[in-house]
Every structure is written in C-alpha cells, then in structure tokens.
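To keep things clear, I will list the structure first and then write my remarks on it.
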Amino acid sequence: MSATLRTNPYHPTRPASHEIFVGREDDCRSLLAALRSQGHAASIAGPAGIGKTSLLNAVQRMLLANPDLPALIAYLDLQKGHASLDLLLRHLADALMAALQSQHGLRCPDACIAQTHALATQRAQIGEILAPILEYAFAHTQVAYIPVLLLDNVHRLGVAATEDLASVLQTAVNQHQITCALAGRDELVAGSYSETSPFRMLISYNLNLTPLSAAQTRELVAKANTCGWEVEEGCDTLAYQLTGGHPYKLHYYLANVLTTSERLSCEGLRRRQPEIEPYLAALFRAEPTIALGSSGYAELSELIRQLIRENRLEDALEHLRAEARWRDQATLLILRLRRCLSDMNTGLVRRDEASAEQTAIAAAILQLLHG
C-alpha cells in the first residue's frame, strides 16, 4: 500500500483527535469531576505544546457525550488577544450562543444577541450577560442548562487582564451560575496565584500537565500501526529519548518521519533529528520577560525586535496583531508565514526559499513598526 493512501495520524499544530488522544485519561477524569457541578472552576497549567488544548477538547467531547448532564459547553481561544474586558465578555456570550446553536440547534434571535452585547459593553456581571441566552434556551427546551466555559490560552491576556477576568468569573462561579476551566502557561499561574489574587479565590482545582511517560509514548507511537503503518521495534523508546515525552515534539517527529518514509523507524527518526532539533529548540525557547507598561510602543517595539532576532516571527506577529492599528496587516502576515512553514515542512519549497520568505516577513514587520 502506498504511504500516500494511508492516514498520517500525527498533527503537531492541531489538538489531538479522539483517535490519537492518549495518556491523559486520569487528567480527564479529574477535570470532569471538577466541572460536573456548578460553582467550580479549574486551572490547567503547563508549558507550550504540553497538551492543554487537546485536554480541553477531550473534556468537551466527554461532556457532550454525557446525556445526563444538561451542560452548554462554550470553548473560547484567547490566543488572538482581546483589547478590553467588555470585548472579552462579548466573545464569551457569542461562544455560548454558538454552542447553543451547534449543540441544540437553537439560534438566538437578534433581540437576544443585541441584549447580551449591550450588557457586555456595560461590563455587567457574567450571570446577567448570559441570562437572556439561558432564558431563551429554557423557553424552547424546558432544560436549565449549566454554562461550562472552557477558556484556552489565558496567558495571552497577560497577568493584569487575567486577574480582571478572574474577578468577573469569580462572582458567577460563587453564585453557581457557571462552571469554567482556564488553561494557560505555568508562568501565568505562578505569577498571579498570590494569596490575595482573584485567581486564587476563583480556582478550586489545579491541574499541572507533565510530559507523557515512556508507556504513554509507546501507546502514541502504536497509533501509526492502527492506521496501516509499519512501526519498527524500539522506535517508541528512541522517540521518548529524543523528546522526553513532550506531546508536540513527539507529534512533530512522528509526523515528519511518516511524511518522508514508508514506516516509523529508528533510522527515520535519527535522519530527521538534525533538521528537527534546531526548529524545536527555537520554537520552545523561553518567552521574553519584558512587561508592557504604560509607555506601550517603545516596549512593544523592543519585544518584537527581540522575537525577530530569535526567529520567532509568529510570536512577534501575535503581539503586533493585539494592537488595533496593525491587526489586519499582522493577520495577513501570519497567514503568509504559516503557509511558508507548511510548504517547507511538506517539501513544497526548498529551505533556502522558505528562509528568504521569512526574511521578507521580518522586514515587513519592521516596516509596520517604522510606519
């Protein structure tokens, strides 16, 4: 059978699907137990690529598969940034309305949408903002749904904005109006989890994700075999040695080998290592610790220049996109960069061509700052 006819199960840039999700069963059960009743909030912490989004997606699937729990599950990715608290509250309401339509086939009428948006603009309490949505749902289903908010990439908001969000969420959680889970980097949790922090008052359950074990790595590698690929004995051991069980790194290695080989083998992993390791090292280099203060532009400019020097163009563009004046241009450059990286990883362009394109993107970023 040709390799092109088989499914490559590994996707490092996407959350793990149900078929490829392994090694987090205990974490799922613990998180589900924390989310199954109102008045609780959970925190999922861990470094980039450790599997926070995949875990949230898995928990969402399990909640949706439970017919006995009248939950309305809204997932919101905060990686694009939010300019203000009222905009974030509006996006939370929109996510809940989208969940109502996708999960129960109910589209909120325009009057309901306008009312929730107006309440969000006024920075009303979350319970008050979501009330028109839940009242509309009850009127049509006679079910009192429990809103479950799954908030991903919370660290993108920054510590101050996160604590503002925590203060707002805390009231709704304490009044048993919502249940929520917030996923973010270790640094965010450590930085905001002080004795007086609203975040500390909000969270009742903490989950710190760690890399997969050797046994869990073996289970992940074996997924290739179930998709029709031959897996050489000892391949799982070498994959674990190369990655330490880090989920993103594992997926990246395994996906790359299956892109260029007919099977998963130790030789294939070793052959790809010289190209993969520099990329992963740059990708997971520690975040700069520059805090954006009231002076704004000068600090942001220096941060972006530092990220460009480290060849972390996507991170630089995300910071640029958070600024309203550059949002549209930065979004287009992000799409251009991702297409370039995809073409390089799949062999559609030569590495030197991709490097030239990334240099051009870096120049465009600097031009925006100068402009």
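The modelled label-to-label distance for the pair Arg339/Leu368, using points 7 Å beyond Cα in the direction of Cβ, is 1.6 nm.
Roughly what % of DSSP beta bridges within the chain run antiparallel, to the nearest 5? Percentage antiparallel, nearest 5: 0. Here's the picture: charge each Lys and Arg Cβ at +1 and each Asp and Glu Cβ at -1 in the chain, and of Ile113, Leu76, Cys235 the one pushed furthest to the positive end of that dipole is Cys235. With every protein chain in place and a 1.4 angstrom probe, the accessible-area ranking of Cys112, Cys227, largest first, reads Cys227, Cys112. Absence of a disulfide-compatible partner, taken as no other cysteine beta carbon within less than 4.7 angstrom, is noted in the chain for Cys28, Cys180, Cys227, Cys235, Cys266, Cys340. In this Cβ point-charge picture (+1 for Lys and Arg, -1 for Asp and Glu), the range 1-126 has a dipole of about 160 debye about its Cα centre.
To the nearest ten degrees, helix 297-309 and the longest principal axis of the Cα atoms of the chain are 30 degrees apart. Among His18, His91, His40, the largest mean-square fluctuation in a Gaussian network model of the chain, built with springs joining Cα atoms closer than 10 Å, belongs to His18.
Treating r as the C-beta distance of Phe284 and Ser167 and R0 as 41 Å, the FRET efficiency rounds to 0.80.
Taking each residue as 0.36 nm, the span from Glu310 to Asn8 lengthens on full extension beyond its C-alpha to C-alpha distance by 105.6 nm.
Between 0 and 90 degrees, the angle of helix 126-141 with respect to the longest Cα principal axis of the chain falls at about 90 degrees.
Applying 1/(1 + (r/R0)^6) with R0 = 22 Å to the Cβ-Cβ distance of Ala114 and Leu85 gives a FRET efficiency near 0.65. Solvent-accessible surface of the chain, averaged per residue with a 1.4 angstrom probe and all protein chains in place: 48 square angstrom. Only helices enter the 222 nm calculation for the chain: every DSSP H run of n ≥ 4 contributes -39,500 (n - 2.57), and dividing by all residues gives -18500 deg cm²/dmol, rounded to 500. Taking the Cα centre of the chain as origin and assigning +1 to Lys and Arg Cβ atoms and -1 to Asp and Glu Cβ atoms, the resulting dipole is close to 360 debye.
So for the chain, averaging the separation of alpha carbon pairs under 8 Å that are six or more residues apart and normalising by length, what relative contact order in percent results? Contact order relative to length: 20 percent. Computed over the range 132-183, relative contact order equals 46 percent, with contacts defined as Cα pairs under 8 Å that lie 6+ residues apart.
Sorting Met201, Met62, Met344 on solvent-accessible area from highest to lowest, probe radius 1.4 Å, gives Met201, Met62, Met344.
Here the calculated FRET efficiency for Gln175 and Asn208, from their Cβ-Cβ distance with R0 = 30 Å, stands at 0.60, rounded to the nearest 0.05. Among Phe138, Phe21, Phe199, the order of accessible area from largest down is Phe138, Phe21, Phe199, computed with a 1.4 Å probe on protein heavy atoms. When each of the peptides 211-219, 25-33 is scored by the mean number of other C-beta atoms lying within 10 Å of its residues, the order from highest to lowest reads 211-219, 25-33.
Rounded to two decimals, the Cα radius of gyration of the range 1-152 over 2.2 N^0.38 Å is 1.18.
Scanning residues 5 or more positions from Ile73 or on other chains, those with amide H under 5 Å from its amide H are Val148, with H placed 1.01 Å from N in the peptide plane. Multiplying each eigenvalue of the alpha-carbon gyration tensor of the chain by 5 and taking the square root yields semi-axes of 36, 28, 19 Å, largest first, rounded to whole angstroms.
The values are calculated or read from the model by the stated rules, or taken from the named source; none is laboratory data. The model shown is predicted, which means the values in this text are computed figures rather than measured ones. Neighbour counts are summed over all protein chains in view; Cβ atoms, including those assigned to glycine, are modelled from backbone coordinates with ideal geometry. These accessible areas exclude ligands, DNA and RNA; they are computed on the full protein's heavy atoms, side chains included. Shrake-Rupley method; radii C 1.70, N 1.55, O 1.52, S 1.80 Å.
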